[in-house]
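Student: The structure's right below; bear with me while I get my questions together.
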Amino acid sequence: MENVCRYDGQYTCDWDQMLAQRAEGMKSSVIRELLKVTLQPDVISFAGGLPAPELFPIREFKEACSHVLTYHGESALQYGPTEGYPPLREFLAETMQRYGVPAEPPNVLLTNGSQQALDLIGKVFLDPGATIITGSPTYLGAIQAWNGYQARYVTVPLDDEGMQVDRLEDALKHEDVRFIYVLPNFHNPAGTTLTRERRVRLAELAAEHGVFIVEDDPYGELRFEGEDIIPIAALHKENTIYLSTFSKTLAPGMRLGWLVAPEQVTAKLVQAKQGADLHTSPLVQMIVNDICQRGFLKVHVRRLRDAYRERRDAMLEAMEHHFPEGTSWTRPEGGLFLWVRLPEGFDSSDFLQRAVAEEKVAFVPGSAFYPNGGGSNTLRLNFSNAQPDKIREGIARLGSAIKKDLARR
Ligand SMILES: Cc1ncc(COP(=O)(O)O)c(C=O)c1O
């Protein structure tokens, strides 16, 4: 066999030959690339999924950090168990029980953000070509994680009440499905929430067909109005892997998330994590545990809900004012995002270049969230990262850019 790299004064490699087949499916996230453009100071960006940095509880982090290092410094800086810091596992198991999920510490695994949980699930459940059912649109980071395991996607459309569960049955009958991936609360990107009725039906269908559910719930705590709805993990206990994270309630830079799964599944995911990174930082887990045990998380989440509600309202109000007829959007009851549908034929990827160049406003084109293509007349807006005045200004610019584009056609 010919060498894939040659040296004649310098190395030249045939990368296509060099890399594993699965690397072909790995693509750079549109959002991560976009974030670079939107860092220009005069651009108002609704593109990232960033929490409000001015609300990060820096003082509380400092206090917790100092407390942990003063009293538990040696264990905080030592290697730790893969499963996670035991008091935090216990705290999370109790928290999940309050939501009706029968979790005990052996069901819980601390992860390096929920993103790592998605990757570990791929590692453990997906052979090349394995089928996942997901809503369309769906979370881009999940597609990124599972493309690396050469997954196939069967998609089910969403409406204002989330995934259209009644359309699942056909796929479940005809496909050999590894799991159904669901974003129950304040969907990223669509902003929708799956109704209780649909959760019950989904749990029934999954049980009937012996299929796992991956319930990805980073935003559930950020409900601004309405009642909490029972997690799917409380309905379909034996076959659900529930994921959540401290990224949206405390700070994404901590890179701390958790999953809850049946004990055997958690044990397998622990083995996968051992190969990935041995364990999540004990220092980070102990700091977050300190913050949680003091009861501060609850207080802080209330503050976030108030701030994000105000920002969502500012965005919705400005859209009513500035967006042209023929556009429609979701009205999320929580979370960080809303979803806009533009007239048929509109190409939001193309439009993004003009919106940034001419009106200095950015968003994520919706097609990025469709694993099998489509959605070119949609876009995602984030409302958590800008103050209400900036939101109003940005939406006025975006409305003007849309009108200009429609007039050009
Ligand atoms: C639906 C969803 N899942 C998972 C993640 C990953 O979050 P984390 O920061 O915990 O890795 C995100 C982040 O935006 C998300 O929106």
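The values are calculated or read from the model by the stated rules, or taken from the named source; none is laboratory data. For clarity, every value in this text was computed on a predicted model and none was experimentally measured. Ideal geometry is used to build each Cβ from the backbone, glycine not excepted, and the neighbour counts take in all protein chains shown. In case anyone asks, the SASA skips ligands and DNA or RNA and just uses the protein heavy atoms, side chains included. Shrake-Rupley method; radii C 1.70, N 1.55, O 1.52, S 1.80 Å.
Student: Are there cysteines in the chain with no second cysteine's Cβ under 4.7 Å away, and if so, which?
Tutor: Isolated Cys, the chain: CYS65, CYS292.
Student: ³J(HN,Hα) across segment 334-349 via Karplus (A = 6.51, B = -1.76, C = 1.60, θ = phi - 60°), whole Hz, x for Gly/Pro?
Tutor: Listing the rounded values in order: x, x, 10, 9, 10, 10, 10, 10, 9, x, 3, x, 6, 10, 6, 5 Hz.
Student: If you place +1 on the Cβ of every Lys and Arg and -1 on the Cβ of every Asp and Glu, how big does the dipole about the Cα centre of segment 268-346 come out, in debye to the nearest 20?
Tutor: Computed charge dipole of segment 268-346: roughly 520 debye.
Student: Still on this structure: Residue by residue through segment 284-293, which ³J(HN,Hα) values in whole Hz follow from phi under the Karplus form 6.51 cos²θ - 1.76 cosθ + 1.60 (θ = phi - 60°), with glycine and proline marked x?
Tutor: 4, 5, 6, 5, 5, 4, 4, 5, 5, 5
Student: Most fluctuating residue of LYS36, LYS123, LYS360 in a GNM of the chain with Cα springs under 10 Å: which is it?
Tutor: Taking springs between Cα atoms under 10 Å, the residue moving most is LYS36.
Student: Suppose R0 equals 45 Å; then what is the FRET efficiency for GLU74 and LYS298 from their Cβ-Cβ distance, rounded to the nearest 0.05?
Tutor: 0.90
Student: Oh, and also: Please report the carbon-and-sulfur percent of the accessible area for the chain; probe 1.4 Å, protein heavy atoms only, DNA, RNA and ligands left out.
Tutor: Roughly 49 percent of what the probe reaches on the chain is carbon or sulfur.
Student: Would you look at the GNM of the chain, springs on alpha carbons closer than 10 Å, and say which of GLY326, GLY113, GLY399 moves the most?
Tutor: Its mean-square fluctuation being the largest, the pick is GLY326.
Student: Once phi is turned into θ = phi - 60°, what whole-Hz ³J(HN,Hα) does the Karplus curve with 6.51, -1.76 and 1.60 give for every residue of segment 167-176, x standing for Gly and Pro?
Tutor: Per residue, the Karplus-derived 3J(HN,Hα) values read 8, 6, 4, 4, 5, 5, 6, 9, 10, 8 Hz.
Student: Hey, got the dipole for segment 101-251? About the Cα centre, +1 on K and R Cβ, -1 on D and E Cβ, debye to the nearest 20?
Tutor: In debye, rounded to 20, segment 101-251 gives about 340.
Student: For segment 205-318, what Kirkwood radius comes out of the mean inverse Cα-Cα distance, in Å?
Tutor: 16.5
Student: Using the Cα centre of segment 292-341 as origin and beta-carbon charges of +1 (Lys, Arg) and -1 (Asp, Glu), tell me which of HIS300, GLY334, MET319 is placed farthest towards the positive end of the dipole.
Tutor: HIS300
Student: Evaluate the charge dipole of the chain about its Cα centre and quote only its size in Debye, nearest 20, assuming +1 on the Cβ of each Lys and Arg and -1 on the Cβ of each Asp and Glu.
Tutor: The dipole of the chain has a size of about 740 debye.
Student: What percent of all Cα-Cα pairs in segment 144-188 falls in each 5 Å bin, counting up from 0?
Tutor: 5, 16, 28, 23, 19, 7, 1
Student: Could you order TRP258, TRP329, TRP15 by accessible surface area, starting with the largest, using a probe radius of 1.4 Å?
Tutor: Descending order: TRP15, TRP329, TRP258.
Student: While we're looking at this one, here's another question. Rounded to the nearest 500, what is the 222 nm mean residue ellipticity of the chain from helices alone, with -39500 (n - 2.57) per DSSP H run of 4+ residues and division by all residues?
Tutor: -13000 deg cm²/dmol
Student: Given a Förster radius of 30 Å and the C-beta distance between LYS268 and ASP176 as r, what FRET efficiency does 1/(1 + (r/R0)^6) yield to the nearest 0.05?
Tutor: For LYS268 and ASP176, the calculated efficiency is 0.90.
Student: How big, on average over all directions, is the shadow cast by the Cα convex hull of the chain, in nm²?
Tutor: Averaged projected area of the chain's Cα convex hull equals 23.8 nm².
Student: Under a 1.4 Å probe, what is the accessible area of the chain per residue, stated in Å²?
Tutor: 46
Student: Considering only protein heavy atoms, with the full assembly of protein chains and a 1.4 angstrom probe, order TYR308, TYR370, TYR11 by accessible area, largest first.
Tutor: Reading off the accessible areas and sorting them downward yields TYR11, TYR370, TYR308.
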